[in-house]
Amino acid sequence: MKSRERVQRAIHFGKPDRPPISHAILPSAQFKYGPALQEILDSVHEDFGWHLLPDLPREKLPPMYKKGINRDEFGTVWKVTVEGRCGIPIEYPISDWSRYDEFVWPEFDAGPPKWRFYSGHMAGKSDDYYARGGWITFFEQMQQLRGFESLLLDLMEDRPEVYRLRDDLLKFNLSWIDRWLKYDYQGLHFADDWGAQNDLMISPRIWRSFFKPVYKEMFSKVKSAGLDVWFHSDGNITKILGDLIDLGVDVLNCQSSVIGLKILHEYAGRICFRTDLDRQKIMPYASPSRVKEHIFEVFEALGTSDGGIIACGEVSEDVPLENIRAMYEAFMEYKY
């Protein structure tokens with residue numbers, strides 16, 4: 001079975017021969033392990049065409065990954081302490097609403113976007129692989145433009161300016177989506193971290209009234225073009241899981257160790273999970289045998305005999321090589 005067919009069957013519960021494998025390797029891990037990491041990847045049949053680590057000159061890292069203080073194309077200033085791991089924004093171009101009229105939305109070059117390291121390079125290059133483009137954010141981009149605390153206050157106070165920002169960002173994102181849709185992708189990836197450790201960052205009421213219509217419009221455009229919708233969200237997002245399914249999300253990448261496998265098991269068969277292994281305790285600190293055991297627990301809880309899982313675990317610089325190797329061994333050993 002070719003990789004593209006395997007992925008599509010997993011997403012749409014069409015009985016793939018095995019779970020597709022997807023890399024999620026942070027540049028910080030690549031910088032730390034280099035050839036030793038590539039040696040592990042050489043033994044893995046990955047299903048999205050990422051068999052080789054990308055060429056990542058440190059000086060060409062995106063602003064949010066390059067060590068130091070850097071400004072991105074929106075004007076947000078980032079502080080990065082670990083090279084190759086996403087930093088935090090510290091200055092915001094619309095920190096004061098009086099500056100909004102002066103704000104200029106950035107433009108992007110034609111062609112598949114390249115700044116997300118791995119996204120885009122398979123589009124139109126091989127029918128063997130599933131090409132997934134995009135890393136399109138909304139809540140996070142609003143934070144990076146306005147500031148986290150200021151944005152939450154805007155939402156609580158129901159300020160008219162925050163509606164203007166929402167509508168302008170939606171127009172920007174829709175034009176960006178149009179750009180992605182010109183190329184040969186099978187899915188587009190959206191991402192917003194909505195959860196803290198124990199709950200949503202905002203009330204479900206505000207999420208449903210202010211943000212859900214935005215997602216509906218963006219996702220509908222993608223679905224109408226015949227592509228799958230992928231969505232990533234860290235934290236405890238239990239209260240909006242049903243909403244994401246209602247919105248048409250095909251593949252969800254969420255923190256099963258935070259939400260709980262018992263809760264997520266209730267959604268098995270209704271949505272495909274791109275698995276997220278325990279990044280807080282197990283992957284960096286457990287033994288290789290415990291890593292494998294954990295993976296089998298996750299797969300059994302989230303998958304079905306018809307599919308519904310894409311094997312994935314984020315690899316950062318704090319994950320030992322032996323645990324990375326154990327993770328991929330478990331991916332390849334698992335059978336439906």
- Query: Any residue at all in segment 317-330 that is buried (at least 23 other Cβ atoms within 10 Å of the Cβ), of a type outside the set (Gly, Ala, Ser) and touching a residue at least 60 places away in the same chain (Cβ under 8 Å)?
  - Reply: yes
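Taking the condition assigned to a helix (DSSP H, G or I), buried (at least 16 other Cβ atoms within 10 Å of the Cβ), at pLDDT 95 or above and of a type in the set (D, E, K, R), does Arg166 pass?
Numbers: assigned to a helix (DSSP H, G or I): yes; buried (at least 16 other Cβ atoms within 10 Å of the Cβ): yes; at pLDDT 95 or above: yes; of a type in the set (D, E, K, R): yes.
Yes; evaluated as a whole, the condition is true for this residue.
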- Restricted to segment 124-163, and to residues that are part of a helix (DSSP H, G or I) and of a type in the set (Ser, Thr, Tyr), which residue is surrounded by the most Cβ atoms within 10 Å (Cβ to Cβ)? Ser150
- Query: When only residues in segment 212-253 that are touching a Phe, Trp or Tyr at 6+ places or on another chain (Cβ under 7 Å) and among the small types (Gly, Ala, Ser) count, which is nearest to Leu169 (Cα to Cα)?
  - Reply: Ser233
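Name the single residue, out of those in segment 283-311 being part of a helix (DSSP H, G or I) and among the hydrophobic types (A, V, I, L, M, F, W, C), that is surrounded by the fewest Cβ atoms within 10 Å (Cβ to Cβ).
Taking segment 283-311 as the starting set, the residues that turn out to be part of a helix (DSSP H, G or I) are 283-285, 288-302.
Checking which are among the hydrophobic types (A, V, I, L, M, F, W, C) leaves us with 283, 291, 295-296, 298-299, 301-302.
Values: Met283: 25, Val291: 25, Ile295: 25, Phe296: 12, Val298: 25, Phe299: 20, Ala301: 19, Leu302: 25.
Only one residue fits best here, namely Phe296.
With Gly111, Gly84, Gly147 as the choices, which residue is over 24 Å from Val251 (Cα atoms), modelled with pLDDT under 95 and in contact with a Ser or Thr (Cβ under 9 Å, 6 or more places away or on another chain)?
Details: Gly111 fails: in contact with a Ser or Thr (Cβ under 9 Å, 6 or more places away or on another chain); Gly147 fails: modelled with pLDDT under 95.
Selected residue: Gly84, the only one of Gly111, Gly84, Gly147 that is over 24 Å from Val251 (Cα atoms), modelled with pLDDT under 95 and in contact with a Ser or Thr (Cβ under 9 Å, 6 or more places away or on another chain).
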- Item | Residue count, segment 6-31 (criterion: surrounded by fewer than 17 Cβ atoms within 10 Å (Cβ to Cβ) and of a type in the set (D, E, K, R)) | 2
- Message: Among the residues in segment 254-264, are any within 15 Å of Gly134 (Cα to Cα), of a type in the set (Gly, Ala, Ser), touching a Phe, Trp or Tyr at 6+ places or on another chain (Cβ under 9 Å) and touching a residue at least 40 places away in the same chain (Cβ under 8 Å)?
- Response: no
- Tell me the strands (runs of 3 or more DSSP E) entirely within segment 184-271 that contain at least 2 residues that are of a type in the set (A, V, I, L, M). 187-191, 251-254
- Message: Here are the criteria: (1) among the charged types (D, E, K, R); (2) farther than 24 Å from Leu200 by Cα; (3) free of Cβ contacts under 8 Å to residues at least 60 places away in the same chain. Tell me which single one Asp234 does not satisfy.
- Response: (2)
- Task: Report, by residue number, each residue of segment 266-282 that is surrounded by 15 or more Cβ atoms within 10 Å (Cβ to Cβ), basic (Lys, Arg) and under 22 Å from Lys15 (Cβ atoms).
- Result: Arg274
- Query: If you check Gly84, Gly49, Gly75, which single one turns out to be surrounded by 13 or more Cβ atoms within 10 Å (Cβ to Cβ) and either more than 19 Å from the chain's Cα centre (by Cα) or polar (S, T, N, Q) (or both)?
  - Reply: Gly75
- Task: Report whether or not Leu252 is surrounded by 21 or more Cβ atoms within 10 Å (Cβ to Cβ) and more than 24 Å from Val222 (Cα to Cα).
- Result: no
- Could you say which residue among Glu91, Glu102, Glu59, Glu107 is surrounded by fewer than 17 Cβ atoms within 10 Å (Cβ to Cβ), in contact (Cβ under 8 Å) with a residue 12 or more places away in the chain and among the acidic types (Asp, Glu)? Glu91
- Item | Condition met for Val44 (crowded, with 17+ Cβ neighbours inside 10 Å and in a loop (DSSP other than H, G, I, E, B)) | yes
- Selection from segment 224-252 of residues touching an Asp or Glu at 6+ places or on another chain (Cβ under 6 Å) and under 20 Å from Gly14 (Cβ atoms) yields Asp228, Val229, Asp250
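The values are calculated or read from the model by the stated rules, or taken from the named source; none is laboratory data. Only a predicted model underlies this, so the values are computations on that prediction, with no experimental measurement involved. Positions of Cβ are generated from backbone atoms using ideal geometry, with glycine treated the same way; all protein chains shown enter the neighbour counts.
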